[in-house]
Amino acid sequence: MFENDTIIETRHLNIYYGDFKAVTDVELKIPAKRITAIIGPSGCGKSTLLRAFNRMNELIPGSHIDGEIIFEGKNLYDRDVDPVEVRYRIGMVFQRPNPFPKSIYENVAWAARIHGYKGSLDELVESTLKKAALWDEVKDILKQSALSLSGGQQQRLCVARALAIQPEVILMDEPASALDPIATLKIEELMQSLKENYTIVIVTHNMQQAARASDYTAMMMLTDGTRSGTVIEFDETNKIFTRPRDKRTEDYVTGRFG
Amino acid sequence: MRATFEAELNFLKDELLLLGNLVEQQIIDSVDAFKKRDANASRAVIEKDLKVNTKRFAIEEQVLITIATQQPMAHDLRLLASILEIAGELERIGDYAKGIGTINIRMGEQELIVPLIKIPVMAEKCARMLREAINAFVNEDLDRAKLIPLEDDEVDKLYNEVYHTLLKLVVKDENSIERISWILWVAHNLERVADRVTNICERTIFTVTGELKEIRSSDQ
């Protein structure tokens, strides 16, 4: 459909919490080194779909999937795949900044150390904080607690922490919803600079954010007569917000849904 | 849902209709004054053009406010972009009427050298096309928006008729060039009105379908 390479592809993906089917039959190709936004009304399965991309749903008892999620040619849910390894390569940033109650330095160095990083940790911390557009603000206070930072800085530190283990994909679940407009714009600018090297998938309730910050947009909605969500339209963000094909997408992006 | 926003959109459509009516009347009045060689009536047209410009700016400002405060998307965004564009087209059409008024005043006491040939017919046709184009836009009538530009061909035909008739007169009497060119300019202005009506129809098609394309290329 698009000229870009696909990095993650879902095939007939259904996601369940016990007997409840939360997401139905998603067929989606996430383009590599692009920003893909997932939008849709509350409770339509956006975060569930996002968490399936790095097997985070498994931490919830009873959750399972059928279908496949192909990442670089391999099904992430094959028996021989280690979910911890998946989460190294497909990192995640959450809605509320959740740095470890340790120093700024340790927040970045810790996961890399666990992961067996052999190079200079000082260099890694510096280069990673630079990538996360945080270095200039924290270079003189690296030993201070991460919790002393502002919310926006904490969130960029969480991005740095995800980057430190050198993932290929970064999943972001409403990364700016707890931030003020300035901190939000900083996160969005950061996403633009990161997409040169990383693939970003972001769930957002903020349609302006999806319109501003993403290259592609997947529109999710409950399927008729059920409480199960699916992707009803996937296209370039420019098209989704100026001339969507699906009437339901039109109604949602123009604020006439419901 | 979005009652405030809907009210703003409806208000803007009403304002565009009013501006359309105003400009339509300006075309009729300007040609009527020319036909009667009534300089005062032409001055009234020129004066009224200020009202056209003011209204166009007011619409433009309201569109920008609505975009800034309501963050329109998809169809709503196309509609607002089109209103902005059409308000501009209407203002230009108003300028053509004003131009006809200026011609009439510049002619001073000179009499019309020839009858106006098909010019009043052109004016009526242009005014009607304009009214229908604005109605088609406000009602998002795609079929009408596609049909109205076909009438532009008829206006072009009328213009050519006027042009060739006047050209023959020039050949007969070189001294009449100036007086003939006044009439030719009036016809030319009307021909341009029809082109701009076509632009308005393009915006209706864009608003409904999201497709931006030129209906025909006579608008140079």
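The values are calculated or read from the model by the stated rules, or taken from the named source; none is laboratory data. Model, not experiment: these values are computed from the prediction. All Cβ positions, glycine included, derive from the backbone under ideal geometry; neighbour counts span all protein chains shown. In case anyone asks, the SASA skips ligands and DNA or RNA and just uses the protein heavy atoms, side chains included. Shrake-Rupley method; radii C 1.70, N 1.55, O 1.52, S 1.80 Å.
How high is the relative contact order of the stretch A:32-112, in percent, counting Cα pairs under 8 Å that sit 6 or more residues apart?
20
Calculate the length of the line joining the C-alpha centroid of the stretch B:98-148 to that of the stretch A:192-258, in whole Å.
What the calculation gives is 46 Å, centre to centre.
Which one, B:189, B:34, B:53, is farthest towards the positive end of the dipole of the stretch B:3-209 when Lys and Arg carry +1 and Asp and Glu -1 on their Cβ?
B:34
Can you give the direction-averaged projected area of the convex hull of the alpha-carbon atoms in the stretch B:6-110, in nm²?
Approximately 6.2 nm², given one-decimal rounding.
Want the number for residue B:147 to residue B:44: 0.36 nm per residue separation, take away the alpha-carbon distance, what's left? Numbers along the way, then the final one.
Working: separation 103, 0.36 × 103 = 37.08 nm, distance 3.36 nm.
Extending this stretch completely gives an extra 33.7 nm.
Normalise the Cα radius of gyration of the protein assembly as shown by 2.2 N^0.38 Å (N = residues in it) and let me know the number.
In units of the 2.2 N^0.38 Å rule of thumb, it is 1.38.
As a test of the formula, what do you get for chain A when each DSSP H run with n ≥ 4 contributes -39,500 (n - 2.57) and the sum is divided by the residue count, at 222 nm and rounded to the nearest 500 deg cm²/dmol?
Counting only the DSSP helices, I get -9500 deg cm²/dmol.
Restricting to Cα atoms and excluding each atom paired with itself, what does the Kirkwood estimate give for the stretch B:91-220 in Å?
15.7
Which one, A:226, A:204, A:217, has the greatest fluctuation when you compute a Gaussian network model over chain A with C-alpha springs under 10 angstrom?
The residue that fluctuates most here is A:226.
Count the DSSP beta bridges whose two residues both fall in chain A, then state the antiparallel fraction as a percent rounded to the nearest 5.
60
For labels at residue B:4 and residue B:168 in the simple 7 Å Cα→Cβ model, what's the distance in nm?
With each label placed 7 Å out from Cα toward Cβ, I get 6.5 nm.
Say we join alpha carbon atoms closer than 10 Å with springs in a Gaussian network model of chain A; which of A:51, A:87, A:79 then has the biggest fluctuation?
Result for chain A, Cα springs under 10 Å: A:79 fluctuates most.
If you line up the Cα atoms of the stretch B:3-209 on their principal axes, what length do they span on each, largest first, in Å?
The Cα atoms of the stretch B:3-209 stretch 64, 33, 19 Å along their principal axes.
So if we plug the beta-carbon distance of residue B:135 and residue B:61 into 1/(1 + (r/R0)^6) with R0 = 25 Å, what FRET efficiency do we get, rounded to 0.05?
0.55
Mind scanning B:36/B:125; A:29/A:131; A:131/A:195 and naming the pairs with a C-alpha gap bigger than 22 Å?
Violating the 22 Å limit, Cα to Cα: A:29/A:131.
Can you give the FRET efficiency for residue A:196 and residue A:137, using 1/(1 + (r/R0)^6), R0 = 25 Å, r = Cβ-Cβ distance, to the nearest 0.05?
Approximately 0.70, to the nearest 0.05.
Tally up the carbon and sulfur contribution to the accessible surface of chain A as a whole percent, 1.4 Å probe, everything protein left in place.
Whole-percent figure for carbon plus sulfur exposure: 49.
What fraction of the Cα pairs in the stretch A:119-257, stated in percent, has a spacing above 20 angstrom?
53
Among the listed pairs A:21/A:46; B:51/B:146; A:21/A:239; B:35/B:55, which are separated by more than 23 Å between their Cα atoms?
Table pairs above 23 Å Cα-Cα are B:51/B:146; A:21/A:239; B:35/B:55.
Compute, for the stretch B:3-209, the length of the dipole vector about the Cα centre, with Cβ point charges of +1 (Lys, Arg) and -1 (Asp, Glu) only. Units Debye, rounded to 20.
Working: 26 positive and 36 negative charges, 105 e Å.
I would put it at about 500 debye.
Given the options A:117, A:101, A:41, identify the residue whose Cα lies farthest towards the positive end of the charge dipole of the stretch A:25-140 (+1 on Cβ of Lys, Arg; -1 on Cβ of Asp, Glu).
A:41
Give me the distance between the Cα centres of the stretch B:1-39 and the stretch A:20-40, rounded to whole Å.
48
Express the relative contact order of chain B as a whole percentage, based on alpha carbon pairs under 8 Å and six or more residues apart in sequence.
Normalised by residue count, the contact order of chain B is 26 percent.
Work out Dmax and Rg for the stretch A:176-258 from the C-alpha atoms and quote the Rg first, both in angstrom.
When restricted to the Cα atoms of the stretch A:176-258, Rg and Dmax are 13.9, 41 Å.
How large is log10 of I(q)/I(0) for chain A at q = 0.10, 0.11, 0.14, 0.17 Å⁻¹ when the intensity is taken from the Debye formula with one equal scatterer per alpha-carbon?
Those come out to -0.49, -0.59, -0.95, -1.33, one per q.
If you add up the charges near residue B:17, with Lys and Arg at +1 and Asp and Glu at -1, over every other residue whose beta carbon is less than 13 angstrom from its beta carbon, what do you get?
Details: positive: B:13, B:55, B:131; negative: B:14, B:15, B:24, B:132.
Neighbourhood net charge equals -1.
Hey, what angle do you get for helix B:119-138 against the long axis of chain B, alpha-carbon based, 0 to 90 degrees rounded to 10?
Approximately 0 degrees, to the nearest ten.
Determine by what factor the alpha-carbon radius of gyration of the stretch A:1-152 differs from 2.2 N^0.38 Å, reporting the quotient. Please report the intermediate quantities before stating the final value.
Values: Rg = 18.1 Å, N = 152, 2.2 N^0.38 = 14.8 Å.
Working it through for the stretch A:1-152, the quotient is 1.22.
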